[in-house]
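Since the structure comes first, as structure tokens, the remarks are kept for the end.
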């Protein structure tokens, strides 16, 4: 199974963010990708750097003005506020009427929803090459690979059409799914990260060609809070093609697997011809952002269920933070998936 990753994805190095009213160490660290990369190499996976496919695949799912804002945003912020300041928004428009500001501080609030995606000197390159890894993985599947894995970091599934959110700048899974539509008429995107795939839901809500299913605790009581309720089933051509499956906080991996089977059945009923998986190892019981209790054997069982769909598959890394079992969870899922498709 092919793996794609570019070292420039390590360049985004945020130190702190604000959560529950406090500044705290940022969870989305470069070491996450290094741990998974080293595990993959130890298990005999070959890792290739993605080719540069440009911004066109990114702008196919994101507001082009949002994409164009990011390359020099950090440099402009530093010019205004200095290197000691934290490049995060301090004001937001509330409702998106009016026009994008010209001032960098206003633009941060216009294009960034929260404090979790602070810009750092390497943020643009990291987000850009994370998206390129997703595109390259989709290209591999389009060229005949049964499956391929994008070690995306920063992750992507919280990024909405025109704003960053929840550690995410570009929605790598949606970029990959849209890219697959050049060959396949019906795509399923199944999100097994513990948090709502709110960005994916936003981007895909009215699309009828991409089925989307997210497994997550009730957003009434758990981040990301604002999207992912059970009654959000799509609009227009997307009606009935969006499925939010709500987990109890503290759910066992047996309960998670049962819910995953429901999502798989719905994707099969949709008639999916190819699959994208938003793969989050923060389902782990010991993850720093844990909400449910999946262990390595549970991740292996997830892999076998998803591989059992028999579809050309793009695996896109989402969450999974610096808990003690990160490498074990990655190993369990990815080696089980590789074995299941041989």
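Exactly one condition in (1) free of Cβ contacts under 8 Å to residues at least 60 places away in the same chain; (2) touching a helix residue (DSSP H, G or I) at 6+ places or on another chain (Cβ under 9 Å); (3) not in a loop (DSSP other than H, G, I, E, B) is false for residue 39; which is it?
Condition (1) is where residue 39 drops out.
Could you give every pair whose Cβ atoms fall below 6 Å, whose first residue belongs to the range 49-60 and is under 21 Å from residue 162 (Cβ atoms), and whose second residue is modelled with pLDDT under 95 and part of a loop (DSSP other than H, G, I, E, B), counting only separations of at least 6 or pairs across chains?
Between residues of the range 49-60 that are under 21 Å from residue 162 (Cβ atoms) and residues that are modelled with pLDDT under 95 and part of a loop (DSSP other than H, G, I, E, B), there is no close pair.
Is at least one residue of the range 151-160 surrounded by 24 or more Cβ atoms within 10 Å (Cβ to Cβ), touching a helix residue (DSSP H, G or I) at 6+ places or on another chain (Cβ under 6 Å) and closer than 23 Å to residue 310 by Cβ?
No, the range 151-160 has no match at all.
Being at positive phi and modelled with pLDDT of 95 or more: is that true of residue 44 here?
For residue 44, the condition - at positive phi and modelled with pLDDT of 95 or more - is met.
Determine, yes or no, whether residue 45 is part of a loop (DSSP other than H, G, I, E, B), in contact with a strand residue (DSSP E or B) (Cβ under 9 Å, 6 or more places away or on another chain), more than 17 Å from residue 156 (Cβ to Cβ) and touching a residue at least 24 places away in the same chain (Cβ under 8 Å). Spell out the reasoning first.
On the way: part of a loop (DSSP other than H, G, I, E, B): yes; in contact with a strand residue (DSSP E or B) (Cβ under 9 Å, 6 or more places away or on another chain): yes; more than 17 Å from residue 156 (Cβ to Cβ): yes; touching a residue at least 24 places away in the same chain (Cβ under 8 Å): yes.
It is true that residue 45 is part of a loop (DSSP other than H, G, I, E, B), in contact with a strand residue (DSSP E or B) (Cβ under 9 Å, 6 or more places away or on another chain), more than 17 Å from residue 156 (Cβ to Cβ) and touching a residue at least 24 places away in the same chain (Cβ under 8 Å).
Please work out if residue 76 is surrounded by 13 or more Cβ atoms within 10 Å (Cβ to Cβ) and under 20 Å from the mean Cα position of the chain (by Cα).
Judged against the criteria, residue 76 is not a match.
Hey, among 85, 60, which residue is within 24 Å of residue 111 (Cβ to Cβ) and more than 22 Å from the chain's Cα centre (by Cα)?
Answer to the selection: 85.
Quick one: how many residues across the range 182-209 are in contact with a helix residue (DSSP H, G or I) (Cβ under 8 Å, 6 or more places away or on another chain) and crowded, with 24+ Cβ neighbours inside 10 Å?
14
Could you run through the range 8-30 and say how many residues are exposed (fewer than 14 other Cβ atoms within 10 Å of the Cβ) and not in a strand (DSSP E or B)?
3
Tell me, yes or no, whether the range 211-221 has at least one residue that is outside any helix (DSSP H, G or I), in contact with a helix residue (DSSP H, G or I) (Cβ under 6 Å, 6 or more places away or on another chain), over 25 Å from residue 56 (Cβ atoms) and modelled with pLDDT under 95.
no
From 108, 142, grab the single residue that is at pLDDT 95 or above, under 28 Å from residue 329 (Cα atoms) and touching a helix residue (DSSP H, G or I) at 6+ places or on another chain (Cβ under 8 Å). Outline the logic, then answer.
Numbers: 108 fails: under 28 Å from residue 329 (Cα atoms).
One residue alone meets the criteria, 142.
Let me spell it out: the conditions are (1) buried (at least 20 other Cβ atoms within 10 Å of the Cβ); (2) out of contact with any strand residue (DSSP E or B) (no Cβ under 6 Å at 6 or more places or on another chain); (3) over 30 Å from residue 139 (Cα atoms); (4) at pLDDT 95 or above, and residue 82 meets all of them except one. Which number is the exception?
With (1) buried (at least 20 other Cβ atoms within 10 Å of the Cβ); (2) out of contact with any strand residue (DSSP E or B) (no Cβ under 6 Å at 6 or more places or on another chain); (3) over 30 Å from residue 139 (Cα atoms); (4) at pLDDT 95 or above applied to residue 82, the lone miss is (1).
Taking residue 289 as the residue in question, decide whether it is touching a residue at least 24 places away in the same chain (Cβ under 8 Å), on the phi < 0 side of the Ramachandran plot and in contact with a strand residue (DSSP E or B) (Cβ under 9 Å, 6 or more places away or on another chain). Steps first, please.
On the way: touching a residue at least 24 places away in the same chain (Cβ under 8 Å): yes; on the phi < 0 side of the Ramachandran plot: yes; in contact with a strand residue (DSSP E or B) (Cβ under 9 Å, 6 or more places away or on another chain): no.
No; evaluated as a whole, the condition is false for this residue.
Looking at residue 49 and the list (1) under 21 Å from the mean Cα position of the chain (by Cα); (2) modelled with pLDDT of 95 or more; (3) surrounded by 14 or more Cβ atoms within 10 Å (Cβ to Cβ); (4) closer than 22 Å to residue 106 by Cα, which single condition is not satisfied?
Here residue 49 clears every test but (4).
The values are calculated or read from the model by the stated rules, or taken from the named source; none is laboratory data. Everything numeric here is computed off the predicted structure, so don't read it as measured data. Using ideal geometry, Cβ is built from the backbone for each residue, glycine included, and neighbour counts are taken over all protein chains shown.
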